[in-house]
Amino acid sequence: MADNIIFHIDVNSAFLSFEAARRLHEDPNALDLRTVPAVVGGDKESRHGIVLAKSIPTKPYKITTGEPIVSALKKCPSLLIVKPDYRLYVEYSTKLMEYLKSYAPVVEQFSIDEAFLDMTGTRSLYGDPVEFAHKLKDEIKERFGFTVNIGVSENHLLAKMASDFEKPDRVHTLFKDEIKTKMWPLPIEDLFFVGRSQSTAFRSLGINTIGDLANADPALLNAHFKKNGMSAYRHANGEDINLDFDHDADNKSYSNSTTLSSDVTSPDIAKQVLLSLTETVAARLRHDNMKISVVSVLIRDTDFNDRSKQTSLYSATNVTDEIYRTICLLFDNLWDHSPIRLLGVAVSKAVETDIYQMNLFDDGRHEKLSRLDSALDKVREKYGDDSVKRAVFLKPRSDKDKS
Ligand SMILES: [Mg+2]
């Protein structure tokens, strides 16, 4: 076995699992949302809103993340719809990360429900890494009530690929000597960081599997796809990805992104996704008692081109609405109307402070909004997330609604 050992931990259907775990914790006889077609998203009554997460039993109905609830209901009329509860997600995510830190020397949080653990050198402590991964997976299930997949390998890319194999509640290994048998037969779309139109282009050259790419002529790839083609080629051969983790505690940042399983072309749907991401990030800030003063948005198109834009705020904040308004401005500035594959929200320059420096243009709005957020947090705490919804979840406008 390799010297370096990396685990990639990924909560199965995270938002839905967190909700299911809470319901079962409160009532052991409650319906387990993971066993039926169910989604997290906005509002059945008004049939508005979009799918933010889905249970594994929705698979035969081909429901996708980012799809309007109304179209998901057409595919599956018995679909259960659960309102998002970002405070709950942050609570579970924080607990999980703290728990992982008690075992691993280095924990790199990759998203709200994913983390890389550098387990190099822990064999003398925990024994065989693969056996330990099984033990860790079972302990997480026992302790938190939700399941994870764990990918075990010698680098981040392969560990991430491995955790994506059969779900849920599984441990998979993908060491370099297993690439040929376990990774190369997979369709080219399954390679991490390969976008939809890039994979279409690969297929037009007869590159249909990851193995086809790994064994393609590098000169041909370079001629056709330049830098992107070459890095995909290296990944197909098991070379690691460069992930930028923020190890600098002095510049604490928070981010969240989501890959949309159907490409988004409607600005209203994009903004609902951005609101959901902002809610998660802002809930984490409030949980940690932090405020931020730099906001950025990331748009990845179907050709895997990334565009991002950031701006500084007049003063530090952790108010969802203030961050979200800036995110929307950045998005409107940045988006060129090409179909969107992934959206991300990041905030940085976090400071632990209770002092809000009033800026000249603020008319007391911040204080009102700040009180609104903590009031919403409290009401949600008391009555559950169904009790309050932001207006945009209630009244999203689709392109068709605009006349
Ligand atoms: Mg997950």
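Read the figures in this text as sums done on the coordinates, not as results from a lab. This structure is a prediction, so every number in the text was calculated from the model and none was measured. Every residue, glycine among them, receives a Cβ derived from its backbone with ideal geometry; neighbour counts consider all protein chains shown.
Observations on the model:
- Listed pairs K54/K160; K252/K291; K137/K167; K62/K180; K54/K74 exceeding 22 Å between Cα atoms: K62/K180
- Dipole magnitude for the range 185-236: about 200 debye, using +1 per Lys or Arg Cβ and -1 per Asp or Glu Cβ, origin at the Cα centre.
- N215-K227 pseudo-label distance in nm [points 7 Å out on the Cα-to-Cβ vector]: 3.0 nm
- Least to most buried among S71, S199, S55 (fewest other Cβ within 10 Å first): S71, S199, S55
- Around I140: net Lys/Arg minus Asp/Glu count, Cβ-Cβ under 14 Å: -1
- Mean-position separation - Cα centroids, the range 280-317 and the range 125-179, in angstrom: 30 Å
- Environment charge at S163 (Cβ cut-off 10 Å; Lys +1, Arg +1, Asp -1, Glu -1): 0
- Global geometry of the range 185-236, whether rounded, prolate or oblate, following the gyration tensor of its Cα atoms and the 1.5 cut on a/c: rounded
- Theoretical gain in end-to-end length, F192 to D169 [0.36 nm per residue, Cα-Cα removed]: 6.2 nm
- Charge-dipole axis of the range 251-362 as Lys and Arg at +1 and Asp and Glu at -1 on Cβ define it, positive-most pick from V351, S315, T278: V351
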